[in-house]
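Asks: Once you've had a glance at the structure underneath, I'll fire off some questions.
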Amino acid sequence: MSEVAELVKEEKKAEPLFSKKNRKLISNPLDSDNPITVQVLGICSALAVTTQMVPALFMAGSLLFVTVFSNLFISLMRNTIPSRIRIIVQLAVVSLWVIMVDQLLKAYAYDVWKQLSVFVGLIITNCIVMGRLEAFAMGNKPWPSLLDGLGNGLGYGLILLLVAFFRELLGGGALFGFKVFEAIGIKYQGNGLMLLPAGACIIVGIIIWVQRSLNGYREAH
Amino acid sequence: MEFLRKSLDKAKHNFEKGGKLEKYYYAFEALETFLFAPNTTTGKKGAQIRDAVDLKRLMMTVIIAMVPCLLFGMWNVGHQHFLALGQAASFADKFWIGLLKTVPIIVVSYGVGLGIEFVFAILRKHPVNEGYLVTGMLIPLIMPADIPLWQVAVATAFAVIIGKEAFGGTGMNVVNIALTARAFLYFAYPTDISGEVWTYIPDKTAVVAGYSGATPLAVAASAIETKANVVSQFNQFGATWGAEGIYSFSSLFLGTQPGCIGETSTLMCLIGAFILVVTGVGSWRIIAGVFGGAYVMGLVLNLIPGGNAFMQMPAYYHLVIGGLAFGAVFMATDPVTATQTETGKWFYGILIGVLTVLIRVFNPAYPEGIMLAILLMNVFAPLIDYFVVSANKKRRLQRATV
């Protein structure tokens, strides 16, 4: 018996760092298992911080940082966490990283930090972070957990930037604060709907629509 | 005719199965059935239905009911235009100005809307249906005469794609499509569809001295601040610039006031309502519910002691100012988005009326409430139906003896 177990262990060790399975951990959340458009998690911040590209970019980066490191550390600790108090332990770990991001932004990107206001702090309650810890990091090894966090953070950031792209372009005629339409000589009247959270909701809806028709999604009846 | 028929027949094989333009069959079919009566008939032994109210006839009835509003609206656009400029003009001149301002909006609305319908029909492989006929006419009637045409196009595209096609096409929409277009403009480009934009004035400096383009709703809302009696404000309005009595009750009822193209005349809306109710196309319960709900809510506000000037306005004024009548007759009765049960229609209509007055009086951000009230109740319509049906079930179960 022990021989068989060792064999299995040998095989697992032989798995390359970027095996097909591990690459899937990154690529799935980008499309077919996207945290926002498929799992419909983290919507509140996606609506709140996407009026412009710059805050959306920082928010995406912050969340990426938090998911990667909380996933990694929870995975490292997973065998020592008593399951009864696991949520509070997860929260403690997440809050550590959130506070670090918060302080970093405050120190080096104060304007953006002010624009993001409570939403950096609210990463701690972001469903994506907690969801990945519960669903993945608690039952997987550190390396796949790190990749999973990376994939989900990127999937979140991708949608965030996509939404912010359309909202800033259509709402203010700009990208990263650069007036695109004025630069090419078109007088552009900003679309006020895009600056409202309702506009973000509509854009997320359109992204889901496009994604589903590309993937051939059918509602289960 | 012969030539058209022949050229259609000549082109037909390209669009049929195996032809090189097979993809566009439904666009071709729509064009063909638009030009000629379709030759597909029931076989000799099948059921022969001779006269049924089909979708096309239903839609045409609504369009006919809108014609009085449209014609009056065209005249009124010109009428308001010459009033603001302080010029006297003949009936024909006024109508001509209205025609010049209205027809482009109608053309853009139909062009964009039908274009999108065609594209989706081809993509989804279903025949082009008549779903857009009424919407295409409703959209121009709820726009100010001066609206930029590109905004009409964008709003129409938004409403048809997001309001209708995203939900599955004609008959599947949750909220009224024409109102979706208007709500889109209202939130996207508020400066072009609120405030004093209702009268067509080519050059802003050319107006007669003392001119004010405030609508009755704006006058009533501003009375909250000035604490003046709303009715006397209405009666005095316009006296300074030679438009005496423009907001008297009879004039408000007839519709010689600034506003969206088709919404101003309560009388014309009532004629439309008569056509809809007599032909059985529109539900009289909903129309009566909206008017009744608004009137009763107005009365309730009158009774509150110490209410502001807008609350003190006689309740019947609520029925003739703004777009309440137009919304009640043509928007609330939309069979797709309204409640389906007969009892539910009462609740639906009354709540629209009540909400309209509440939004008008208590929300300074939105001078007119009918649009938001109808959109809100569109969303609640299935819930109302659900309660009506389950109440009915409960009642019948109690009666049942098993």
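Asks: Helix-only estimate, please: 222 nm mean residue ellipticity of chain A, summing -39500 (n - 2.57) across DSSP H runs of length 4 or more and dividing by its residues, to the nearest 500.
Replies: It lands at -21500 deg cm²/dmol.
Asks: Report the relative contact order of the stretch A:32-207, percent, no decimals, based on alpha-carbon pairs under 8 angstrom and at least 6 residues apart.
Replies: Here the relative contact order equals 36 percent.
Asks: May I have the extent of the alpha carbons of the stretch B:260-402 along their three principal axes, as whole Å values ordered from largest to smallest?
Replies: Between the extreme Cα coordinates on each principal axis of the stretch B:260-402 lie 60, 38, 22 Å.
Asks: A further question follows. For the stretch B:76-120 and the stretch A:152-182, what is the separation of their Cα centres, given in Å?
Replies: 37 Å
Asks: How shielded is A:204-213 by partner chains, expressed as the average number of their Cβ atoms within 10 Å of its Cβ atoms?
Replies: Per-residue shielding by partner chains comes out at 1.
Asks: Assuming 0.36 nm per residue, please report the length gained on full extension of the stretch residue A:198 to residue A:214 beyond their Cα-Cα distance.
Replies: Result for the pair: 3.3 nm of gain on full extension.
Asks: While we're on this one: For chain B, what relative contact order do you get, as a whole percent, if you take Cα pairs closer than 8 Å and at least 6 residues apart?
Replies: So the answer I get is 16 percent.
Asks: So, one more: Evaluate peptide B:179-188: per residue, the Cβ atoms of other protein chains within 10 Å of its Cβ; return the mean as an integer.
Replies: 3
Asks: Moving on to the next point. In whole Å, what is the distance between the alpha-carbon centres of the stretch A:58-79 and the stretch B:321-381?
Replies: 49 Å
Asks: Same structure, new question: In nm, give the distance between the simple-model label positions of residue B:10 and residue B:125, each being 7 Å from the Cα along the Cα-to-Cβ direction.
Replies: Using points 7 Å along Cα→Cβ, the separation is 3.0 nm.
Asks: From the phi of every residue in the stretch B:286-303, what ³J(HN,Hα) in whole Hz does the Karplus formula 6.51 cos²θ - 1.76 cosθ + 1.60 yield, where θ is phi - 60° and glycine or proline is x?
Replies: 5, 4, 5, x, 5, 4, x, x, 5, 5, 5, 4, x, 4, 4, 5, 4, 6
Asks: Also: Could you name the lysines in cross-link range of residue A:114, using Cα to Cα under 18 Å and dropping any fewer than eight places away on the same chain?
Replies: A:106
Asks: Continuing with the same structure: What's log10 of I(q)/I(0) for the stretch B:65-104 at q = 0.17, 0.20, 0.23, 0.31 Å⁻¹, Debye sum over Cα points only, no solvent?
Replies: Taken in order of the listed q values, log10 I(q)/I(0) reads -0.38, -0.51, -0.64, -0.99.
Asks: Still on this structure: Determine the equivalent ellipsoid of the stretch B:202-291 by diagonalising the alpha-carbon gyration tensor, then write out the semi-axes as square roots of 5 times the eigenvalues, largest first, rounded to whole Å.
Replies: For the stretch B:202-291, the ellipsoid semi-axes come out as 31, 17, 11 Å.
Asks: Could I have the simple spin-label model distance between residue B:278 and residue B:226, label points 7 Å from Cα toward Cβ, reported in nm to one decimal?
Replies: Once both label points are built, they end up 4.3 nm from each other.
Asks: Can I ask one more? State the extension gain, in nm to one decimal, for the chain segment bounded by residue A:39 and residue A:108, taking 0.36 nm per residue of separation less the distance between their alpha-carbons.
Replies: Full extension of this stretch gives 21.6 nm more.
Asks: HN-Hα J couplings of the stretch B:197-203 from phi, Karplus 6.51/-1.76/1.60, θ = phi - 60°, integer Hz, Gly and Pro as x?
Replies: For the stretch B:197-203, the Karplus-derived couplings read 10, 7, 9, 6, 10, x, 10 Hz, x marking Gly and Pro.
Asks: For B:189, B:386, B:24, which order do you get if you count the other beta carbons within 10 Å of each Cβ and list the fewest first?
Replies: Least crowded to most crowded, the residues run B:386, B:24, B:189.
Asks: Among B:96, A:97, B:198, rank each residue by its count of other Cβ atoms within 10 Å, from fewest to most, as a rough exposure measure.
Replies: Numbers: B:96 15, A:97 21, B:198 24.
In increasing order of surrounding Cβ atoms, one gets B:96, A:97, B:198.
Asks: Just to confirm my numbers, what's the Cα centroid distance between the stretch A:189-210 and the stretch B:124-188 in Å?
Replies: 17 Å
Asks: If you line up the long axis of helix B:177-188 against the longest principal axis of chain B, both from Cα atoms, how many degrees apart are they, to the nearest 10?
Replies: The angle comes out near 50 degrees.
Asks: Per 0.36 nm of contour for each residue apart, how much would the distance between residue B:64 and residue B:208 grow if the chain were fully extended, relative to their Cα-Cα spacing?
Replies: Between residue B:64 and residue B:208, full extension yields an extra 48.2 nm.
Asks: Ordered by packing density, taken as the mean number of other Cβ atoms within 10 Å over each peptide's residues, highest first, how do B:102-109, A:107-114 rank?
Replies: B:102-109, A:107-114
Asks: Please report the equivalent ellipsoid semi-axes of chain B, computed as sqrt(5 x eigenvalue) of the Cα gyration tensor, largest first, in whole Å.
Replies: Numbers: eigenvalues 316, 177, 61 Å².
Here the semi-axes work out to 40, 30, 17 Å.
Asks: Given the alpha-carbon gyration tensor of the stretch B:55-199, what are the semi-axes of its equivalent ellipsoid in whole angstrom, ordered largest first, with each equal to the square root of 5 times an eigenvalue?
Replies: On the way: eigenvalues 179, 59, 26 Å².
One finds semi-axes of 30, 17, 11 Å for the stretch B:55-199.
Asks: Here's a follow-up. Relative to the first principal axis of the alpha-carbon coordinates of chain B, what is the inclination of helix B:149-158, with its axis defined by its Cα atoms, in degrees from 0 to 90 and to the nearest 10?
Replies: So the inclination is approximately 60 degrees.
Asks: Could you give the angle, 0 to 90 degrees to the nearest 10, between helix B:55-85's Cα long axis and the longest principal axis of the Cα atoms of chain B?
Replies: Tilt of helix B:55-85: around 40 degrees.
Asks: Here's something else I'd like to know. List the longest stretch of chain B that has no exposed loop site; here a site is one of the trypsin sites (Lys or Arg not before Pro) assigned by DSSP to anything other than H, G, I, E or B, with at most 11 other Cβ within 10 Å.
Replies: Counting only loop sites that pass the neighbour cut-off, the longest clear stretch is B:228-402.
Asks: List the residues whose amide H sits under 5 Å from the amide H of residue A:174, counting only those 5 or more places along or on another chain, with H placed 1.01 Å from N in the peptide plane.
Replies: Hits under the 5 Å cutoff: A:169, A:180.
Asks: Show me, bin by bin at 10 Å from 0, the whole-percent P(r) of the stretch A:89-221 based on Cα pairs.
Replies: 10, 27, 34, 22, 6, 1
Asks: Also, I was wondering about something else. Could you state the orientation-averaged shadow area of the convex hull built on the Cα atoms of the protein assembly as shown, in nm² to one decimal?
Replies: 44.9 nm²
Every number here is computed from the coordinates shown, using simple stated rules; none is lab data. In this text the structure is predicted, and so the values were computed from the model without any measurement. Glycine also receives a Cβ, built like all others from the backbone with ideal geometry; neighbour counts cover every protein chain displayed.
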